[in-house]
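Written below as structure tokens is the structure these notes are about.
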Amino acid sequence: MPLRDINDVDRLKKINAALVSRVERSMDQQGNAFSLFQTAISLENRVRMRTEELHSTLRRLEQSNIDLSAAKENAELANLSKTRFLAAASHDVLQPLNAAHLSVSALAEVQTSDEGKKLVRQVERSLETMEDLLRTLLDISKLDAGVVQPDIGDVNLETLFSSLRSDFLPVAEMKGLALKFRPVSAVVRSDRTLLRRILQNILSNALRYTPSGGVLVGTRHRGDTIRIDVADTGCGIPDDQREAVFEEFHRGSAIPADTGISGGLGLGLAIVRRMAAALGHPVTFSSRVGRGTIFHIDVPVGIGASADAIASLAEMERPRGYGLFGTKVLLVENDADVLQAMTFLLERWQCLVRAATSTEAAVSLLGDTDWVPDIVIADQHLDDGDLGTATIAEVRDYLGRAVPALIVTADGSEAVAKAARAAGIELMRKPLKPAQLRALLAHLLA
């Protein structure tokens, strides 16, 4: 119907309202579409930004991984270099010290005057202090580098205590102190050498810082562990030094001035903490200034008799003290100073020495049927890559019998020790102590 034919005002209003509503709906739809369009653009921009940020983060992460990989490789190379340095230092630094020890020992035997003997003793003490310092610093470096790998087995405590008693009883008696070990019939799981070093260092400190009274070593069962206690009546450790005593070069400051006690190198307990950590043996202590200190070492209970302990006990029971007069010694050593000092020392003990610097030279000395060695002493690392264990094997093969043999080396690695044990060869670390060398030679020849 044409608009002019509509006379009803109400109808016109309704039609107008419907048109207005349609226009408004149309505008709203356009507005909503525009709003959605703007929202879509905004979301796209945000997605693009987040994607770029993610790519950037991934690139940084990838670079970080590359940097970490390079750092890890550098650390491993540095650790390997440190390990090699420690091995070289153990050999090259201790080698001249060994020669000095042997030379001074030989010099002591030709001294006739009291003044000369006194000076020799002073030099020996200085060399021993230097040796202790070098060995301890090398031990700390090896432990920090993770080079030391514990050889865990059953350890007989009674045998271990007997060995420590024989070592420290003369020291205690010299200071007028009592040293007692309570009887024990227990086996623990540990590395015998490292556990002995831990107890050795604690005992050494206990005797050093105890002006009167004594030291008592005992054990207590605590479930699946055995607690080893080392108690002394010394000057004690103040509370503010409980952590400091385990630091390098820390010496006790609670020592009364009138006791005459002089501190050691300040490395004993630093070694104890590192070795105990390597073994997983907690070390704690309780102390009262002026009353004494008790160190506790918690060690797992063992599962049976220790082959090492039995071997050590058998070694203690073997006869010693046989003379070396006329003993024929084949000496294989590539260091000229050590070779000269060792030869002189052995000849002072009335041994008949033939010396060589390599495997080939050693075997060539065996052509004389009138001279067959009673014992072979060889350094482990010889010229041209020769090894003392291989030299001894060739000598034994040539002679057709397992002649007693001894490896002397500054190489403290477990690989050398295992090679010597496997071949039935005794092992001594440089620097050698002449009295110990002489006792071992007498034992091997017995």
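The values are calculated or read from the model by the stated rules, or taken from the named source; none is laboratory data. Just so you know, these numbers come straight off a predicted model, no measurement behind them. Virtual Cβ from ideal backbone geometry, glycine too; neighbours counted across all protein chains shown. Ligands, DNA and RNA are excluded from the accessible area calculation, which covers all protein heavy atoms including side chains. Shrake-Rupley method; radii C 1.70, N 1.55, O 1.52, S 1.80 Å.
Remarks
- Candidate residues Tyr209, Tyr398: accessible-area rank, largest first, probe 1.4 Å: Tyr398, Tyr209
- In this view, the solvent-accessible surface of Lys180, computed with a 1.4 Å probe and all protein chains in place, comes to about 130 Å².
- Taking Cα centre as origin and charging only the Cβ of basic (Lys, Arg, +1) and acidic (Asp, Glu, -1) residues, the dipole magnitude of the range 145-198 rounds to 180 debye.
- Taking Cα centre as origin and charging only the Cβ of basic (Lys, Arg, +1) and acidic (Asp, Glu, -1) residues, the dipole magnitude of the range 164-252 rounds to 460 debye.
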